[in-house]
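Undergrad: Have a look at the structure that comes next, please.
The values are calculated or read from the model by the stated rules, or taken from the named source; none is laboratory data. The shown structure was predicted, so the numbers you read here are calculated from the model rather than taken from an experiment. Cβ placement follows ideal geometry from the backbone for every residue including glycine, while neighbour counts extend to all protein chains displayed. The area values use the complete protein model at the heavy-atom level, side chains included, leaving out ligands, DNA and RNA. Shrake-Rupley method; radii C 1.70, N 1.55, O 1.52, S 1.80 Å.
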Amino acid sequence: MRDMKIYLATGNKNKKREMVQLLSEHEIVIPSDENIDFDPVETGTTFYENSLIKAKALYDIVHCPVIADDSGICVDALGGNPGIYSARYAGPDFMKGKPDGSKISQEEQNKFIIEQTTDAVKNGNLPKGEYLHGPRSCHYTCAMVLYLGPDRLFVAQETFEGALIDSIEDARGDGGFGYDPIVFLPEYGKTVAQISAEEKNSISHRGKAVRVIQKIINNL
């Protein structure tokens, strides 16, 4: 199916930019483009559950194909946290976000997660298991839903592996967004924020998930 209008269930313009690059043959629209009030409460306990909540909420408004994703960073030394709470994470005292719903800056989030990981490694409070890139190993997860109606939906979930840098002073790059400046890719010798958009899309959690969804769209 070509030239489809697809709504993207997000208010994040950075996510829209990435999706426009990845699905360039389709028209990608986010709710704010059409002045749609969209702020669903994400009550899920997994990336998939939250992506489905967002997809269904927007579909119920627009009644057109919707893509929703839920993604976050999972740090092995922190037991996979902050995970689904990555956007709300506010340090070790507020792993799931502040009670009043207020958020801290991305710079503060980056600083906190590096320090918390360093403390976990130093104190030996590490979950058992093998680490792909050592004790500072981490990965992004993306669960993506293509929602075509209550009884017709498709799901793809992918990961993107890396390692947290040792210090906030080592943050590098002005590409990407979110935690990208502090996630180091050993195979590239760069942070995620230092690689090009094309490189990121070819290996990222969202890039891999959307290519699965893209094949499904093309076969509809």
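Undergrad: For the range 123-172, restrict the atom set to alpha-carbon positions and state the Rg and Dmax in Å.
TA: Just the Cα atoms of the range 123-172 yield Rg and Dmax of 16.9, 49 Å.
Undergrad: Return a whole-number percent for the relative contact order of the chain, with Cα pairs under 8 Å and 6 or more residues apart as the contact set.
TA: Relative CO of the chain lands at 18 percent.
Undergrad: Another question about this same structure. Could you state the angle between the C-alpha long axis of helix 47-62 and the longest principal axis of the C-alpha atoms of the chain, as a value from 0 to 90 degrees rounded to the nearest 10?
TA: With rounding to tens, the tilt is 30 degrees.
Undergrad: Can you tell me what the convex hull of the Cα atoms of the chain projects to on average, as an area in nm²?
TA: 12.4
Undergrad: Which whole-number percent of Cα pairs in the range 117-220 have a distance greater than 16 Å?
TA: Result: 64 percent of Cα pairs exceed 16 Å.
Undergrad: Can you compute 3J(HN,Hα) from phi for each residue in the range 33-44, using the Karplus curve 6.51 cos²θ - 1.76 cosθ + 1.60 with θ = phi - 60°, rounded to whole Hz and x for Gly and Pro?
TA: For the range 33-44, the Karplus curve yields 4, 10, 6, 8, 6, 9, 8, x, 7, 8, 9, x Hz.
Undergrad: With a cap of 10 neighbouring Cβ atoms within 10 Å, and only residues DSSP puts in a loop, list the trypsin sites (Lys or Arg not before Pro) found in the range 114-149.
TA: K128
Undergrad: In whole Hz and in residue order, list the ³J(HN,Hα) couplings for the range 116-129 that follow from phi through the Karplus curve 6.51 cos²θ - 1.76 cosθ + 1.60, θ = phi - 60°; x for Gly and Pro.
TA: Once rounded to whole Hz, the list reads 5, 5, 4, 5, 5, 5, 5, 8, x, 8, 10, x, 6, x.
Undergrad: Right, something else. Considering lysine pairs in the range 68-220 that are 8 or more places apart or on different chains, how many have Cα atoms under 20 Å apart?
TA: Total qualifying Lys-Lys pairs in the range 68-220 comes to 9.
Undergrad: Separate question: Residue separation times 0.36 nm, minus the C-alpha to C-alpha distance between T118 and D33: what's the value?
TA: Difference between extended and current length: 26.5 nm.
Undergrad: Related question: Can you compute the helix-only [θ] at 222 nm over the chain? Use -39500 (n - 2.57) per DSSP H run of at least 4 residues, normalise by all residues, nearest 500 deg cm²/dmol.
TA: Mean residue ellipticity, 222 nm, calculated: -9500 deg cm²/dmol.
Undergrad: Oh, and also: Once you charge only the Cβ atoms, +1 for Lys and Arg and -1 for Asp and Glu, what is the size of the charge dipole of the chain about its Cα centre, to the nearest 20 debye?
TA: 340
Undergrad: Quick one: 3J(HN,Hα) in Hz for the range 93-98, Karplus 6.51/-1.76/1.60 with θ = phi - 60°, rounded, Gly and Pro as x.
TA: Here the 3J(HN,Hα) series is 7, 9, 4, 9, x, 6 Hz.
Undergrad: If r is the Cβ-Cβ distance from R17 to Y85 and R0 is 22 Å, what FRET efficiency results, to the nearest 0.05?
TA: After rounding, the FRET efficiency stands at 0.40.
Undergrad: Considering only S204, S24, S137, give the residue with the highest GNM mean-square fluctuation for the chain, with springs between Cα atoms whenever their separation is below 10 Å.
TA: Of S204, S24, S137, the most mobile in the Gaussian network model is S24.
Undergrad: Taking GluC sites (Glu not before Pro) that fall in a DSSP loop and have at most 12 other Cβ atoms within 10 Å as cut points, what is the longest piece of the chain between them?
TA: The reported range is 26-129.
Undergrad: What distance in nm lies between label points placed 7 Å from Cα along the C-beta direction at L220 and D60?
TA: Distance between label points: 2.1 nm.
Undergrad: A further question follows. What is the helix-to-structure angle for 13-22, meaning the angle in degrees between its Cα long axis and the longest Cα principal axis of the chain, kept from 0 to 90 and rounded to the nearest 10?
TA: Rounded to the nearest ten degrees, it is 70.
Undergrad: Largest first, what is the accessible-area ranking of D93, D119 with a 1.4 Å probe?
TA: Ranking D93, D119 by accessible area, largest first, yields D93, D119.
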